[in-house]
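Since every read-out is calculated from the coordinates, none of them should be taken as a lab result. Computed from a predicted structure; not experimentally measured. Note that we place each Cβ from the backbone using ideal geometry, even for glycine, and neighbour counts take in every protein chain shown.
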Amino acid sequence: MTIKAKEVLDGKFWIVEDEGVNIGTLSFDDEKYMLNDTSGKCVIFNNEQQVAKNFGSKIQWSKLNITETVPVERLVHGMPTSCTPYSPIYDVVRKLPMFSKSNKSKSLYCAGYFIIRFDKGWVKSFCPKLITIERYECKGPFRTEIEMRTELSRVNNN
């Protein structure tokens, strides 16, 4: 039995596999680990050793590496983009990595995943236009879609 925990959110969320077959998800909330298996069962552990004991074997923990999933040429200051970026810049005041979609374009887009609050509620967005970010309340940028969905879930539950 080879148990692998593939990191999805840095130090917070993993997909657990046995010989390449998904057997559940594991999350960590600064105090305890919570394992949700594919049958819907939820088990709580105090530490990594208890998680390993549950499976009866060691766990191979893999770290999240954003450059593995997104080609380097499609990153702007560490954030993923929807296309090959041109004229990448970083707005230090707003902490926004920005780019244009062509050499001649005057429209700026923000790299990464965002959630934006429109009149009807919060929506997810990947590489929105800068003007949209300026006009509406937003949160981001997030490196991964999972991080963005977690924040979207959080703001929708408040």
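What's the exposure ranking of 93, 155, 8, going from fewest to most Cβ atoms within 10 Å?
Starting with the residue having the fewest Cβ neighbours, the order is 93, 155, 8.
So how tilted is helix 145-157 from the main axis of the chain? Cα-based, degrees 0 to 90, rounded to 10.
90 degrees
Percent relative contact order of the chain, based on C-alpha pairs within less than 8 angstrom and at least six residues apart?
Working: 291 pairs, mean separation 22.3, N = 158.
Reported as a whole number, the value is 14 percent.
Considering only 113, 86, 136, give the residue with the highest GNM mean-square fluctuation for the chain, with springs between Cα atoms whenever their separation is below 10 Å.
136
Once fully extended, how much extra length lies between residue 7 and residue 154, figured as 0.36 nm per residue of separation less the alpha-carbon to alpha-carbon distance? Mind dumping the intermediate values first?
Working: separation 147, 0.36 × 147 = 52.92 nm, distance 2.03 nm.
The span from residue 7 to residue 154 would gain 50.9 nm if fully extended.
Could the peptides 122-135, 26-39 be put in order, highest first, of the mean number of other beta-carbon atoms found within 10 Å of their residues? Walk me through the intermediate numbers first.
Working: 122-135: 16.4, 26-39: 13.6.
So the order, starting with the most tightly packed, is 122-135, 26-39.
Need one number: % antiparallel among DSSP beta bridges in the chain, to the nearest 5. If you can, show how the numbers build up before the last one.
Details: 40 of 44 bridges.
Around 90 percent of the beta bridges assigned by DSSP in the chain are antiparallel ones.
I want to check the label-to-label distance for residue 63 and residue 93. Put each point 7 Å from Cα in the C-beta direction and report it in nm to one decimal.
Going by the 7 Å Cα→Cβ label model, 3.6 nm.
How far is the Cα center of segment 1-64 from the Cα center of segment 117-150, in Å?
Here the two parts' Cα centres lie 29 Å apart.
How far apart, in nm, are the 7 Å Cα→Cβ label points at residue 131 and residue 83?
1.6 nm
What is the spin-label model distance, in nm, from residue 55 to residue 102 if the labels are put 7 Å beyond Cα along the C-beta direction?
For the pair residue 55/residue 102, the computed spacing is 4.9 nm.
Given R₀ = 35 Å, what would the calculated FRET efficiency be for residue 123 paired with residue 46, taking r from the Cβ atoms and rounding to 0.05? Write out the running numbers ahead of the final one.
Details: r = 38 Å, r/R0 = 1.08.
So, using R0 = 35 Å, E works out to roughly 0.40.
Can you work out ³J(HN,Hα) from phi for every residue in segment 45-50, in order, using Karplus 6.51 cos²θ - 1.76 cosθ + 1.60 and θ = phi - 60°, giving whole Hz and x for Gly and Pro?
Using θ = phi - 60°, the values come out as 10, 8, 7, 5, 5, 5 Hz.
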